[in-house]
Amino acid sequence: MVKIFINGFGNIGRRIASALATDKEFQFLGVAKYTPDERIKEAYEQHFDVYAPEENLDAFKKMGYDVAGTVKEAIQKSDLVIDAAKDGLGYDNKEKYYIPMSKPAIFQGGEDRFGERSVADMIHNSRVNYEKAFGKKYVIQGSCNVTGLGRVMQPLIDAYGKDIKRFDATLIRRWADLEDKKEVKDSIEWDRDPHHQNDVGDFIKTPPLYVDAFKVPSRMMHLHQLYVRFNNHSPTKEAIIQLFEKEFGIAVLHSAKGTADVRKKAMDLGFPYGDTGMVHIHADVLKIQDDVLKIAYSDDQTGMVIPENHILLQAMILRRNKKDAMERTDRLFRMSEKKRLLTKEFQ
Ligand SMILES: NC(=O)c1ccc[n+]([C@@H]2O[C@H](COP(=O)([O-])OP(=O)(O)OC[C@H]3O[C@@H](n4cnc5c(N)ncnc54)[C@H](OP(=O)(O)O)[C@@H]3O)[C@@H](O)[C@H]2O)c1
């Protein structure tokens, strides 16, 4: 059985870990903790083996926290590492462990695709370039925003590609995740050079996409406003809605009033971590104005990339055909069922 280790137990690592622990296809070795704090108890409760860096073992011991071994030992035992480190630290892990130990790794969207600290030569988006990851040693799973953009843009390109002139996206980004302790600052901040534009450009070259990004004081998802400019008239609203209703990981909602409505409903419905794992197209504000189609959709920041990591794993390690991989992921994360429930709640 293929052995997987998760290096990092933050917002993303903990979610991937609890999903992988229930997938009988892989042997889940455990998670890495770097700081000896309370969150380790969450790993114990789920019976995960916890590994710590060698230089911190004493600190864990002092706090009375048991570990199964060092991070290095866990990586040595694994066939693939899912790196879920804080933004940018995946690069250091690659230099320190993955290259010297010749271990394949999946990186998260906070790592660099370009420049001196680039960790991989591709960003994965299951809707666009699943097969490209076959047999690759290092791949970045696009961030939540980048994943959402690919998921919404590619169906439009498949259906209307020749007629689309350009995409413009304004990303309204949440300040922090629900479980983050950091303060949510009362300000709207802009990003001078959003990485999302180049990241999406890694897997969708044309039509061009231009991105602006703003961070707002919310913990409840991102909201994207995507303008699609056509050479002539835009297709009808009905045609666009029908197109998205068929898509994996997209729910078309008609009556949500804001991102918190969707998040709270996911919690009420008992979805693990309150994640939907999807983008939600808000049909009540989907507009056609002459040659421009305006789509507003919310993007579940923490949940989006978890099923994506599972799909990517199947490409890199098993080279599984895409339909089978998506079906397995759908079953593990109950994606179709969640979509059905959300669609019913917000019809
Ligand atoms: N949060 C989101 O919504 C989201 C969505 C999509 C993608 N991502 C991407 O996913 C990655 C992780 O984000 P996150 O939100 O999970 O961050 P996070 O909650 O801040 O957690 C990061 C974890 O990294 C651990 N860590 C520290 N040093 C490490 C090292 N050298 N190697 C591995 N782990 C280390 C920390 O462990 P200790 O606590 O034990 O110190 C911490 O728990 C980032 O690239 C981020 O951009 C995040």
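The values are calculated or read from the model by the stated rules, or taken from the named source; none is laboratory data. Bear in mind the structure is a predicted one, so any value in this text is a computation, not a measurement. Don't worry about glycine lacking a Cβ; one is built from the backbone with ideal geometry, like all the others, and counts go over all protein chains shown.
Whether any residue in the range 166-176 is closer than 26 Å to ALA266 by Cα and touching a Pro at 6+ places or on another chain (Cβ under 6 Å) is what I want to check. Yes. Criterion applied to GLY115, GLY109, GLY135 was being within 15 Å of the ligand (Cβ to nearest atom) and assigned to a loop (DSSP other than H, G, I, E, B), and the one residue passing it is GLY109. Do we find a residue being in contact (Cβ under 8 Å) with a residue 12 or more places away in the chain, of a type in the set (Ser, Thr, Tyr) and in contact with a Phe, Trp or Tyr (Cβ under 7 Å, 6 or more places away or on another chain) anywhere in the range 74-92? Yes, that holds for at least one residue. Scanning the range 154-192 for residues that are within 30 Å of ASN231 (Cα to Cα), away from the ligand (no atom under 16 Å from the Cβ) and assigned to a loop (DSSP other than H, G, I, E, B) yields one hit, ARG192. For the range 11-66, the set of residues classified as within 22 Å of ASP92 (Cα to Cα) and either among the aliphatic types (A, V, I, L, M) or touching a Leu at 6+ places or on another chain (Cβ under 6 Å) (or both) consists of ILE12, ILE16, ALA17, LEU29, VAL31, ALA32, VAL50, ALA52, LEU57, ALA59, listed by residue number. Within the range 129-149, residues that are within 19 Å of HIS195 (Cα to Cα) have Cβ atoms under 8 Å from residues that are of a type in the set (Ser, Thr, Tyr) and within 8 Å of the ligand (Cβ to nearest atom) in these pairs: GLN141/THR147; CYS144/THR302, counting only partners at least 6 apart in sequence or on another chain.
Considering (1) among the hydrophobic types (A, V, I, L, M, F, W, C); (2) touching an Asp or Glu at 6+ places or on another chain (Cβ under 9 Å); (3) at pLDDT below 95, the lone condition that VAL152 does not fulfil carries the number (3). For the range 300-336, the tally of residues that are part of a helix (DSSP H, G or I) and either aromatic (Phe, Trp, Tyr) or under 11 Å from GLY277 (Cα atoms) (or both) stands at 8. Residue count for the range 69-86 under the criterion of being over 25 Å from the mean Cα position of the chain (by Cα) and either away from the ligand (no atom under 15 Å from the Cβ) or of a type in the set (Asp, Glu) (or both): the result is 4. Of all residues in the range 292-340 being within 17 Å of GLY270 (Cβ to Cβ) and within 14 Å of the ligand (Cβ to nearest atom), which is surrounded by the fewest Cβ atoms within 10 Å (Cβ to Cβ)? Filtering the range 292-340 for residues that are within 17 Å of GLY270 (Cβ to Cβ) and within 14 Å of the ligand (Cβ to nearest atom), the one surrounded by the fewest Cβ atoms within 10 Å (Cβ to Cβ) comes out as THR302.
Taken together, the residues in the range 193-238 that are more than 23 Å from the chain's Cα centre (by Cα), surrounded by fewer than 17 Cβ atoms within 10 Å (Cβ to Cβ) and part of a loop (DSSP other than H, G, I, E, B) amount to 4. Within the range 209-249, being among the basic types (Lys, Arg) and in contact with a Lys or Arg (Cβ under 9 Å, 6 or more places away or on another chain) holds for LYS215, ARG219, ARG229, LYS237.
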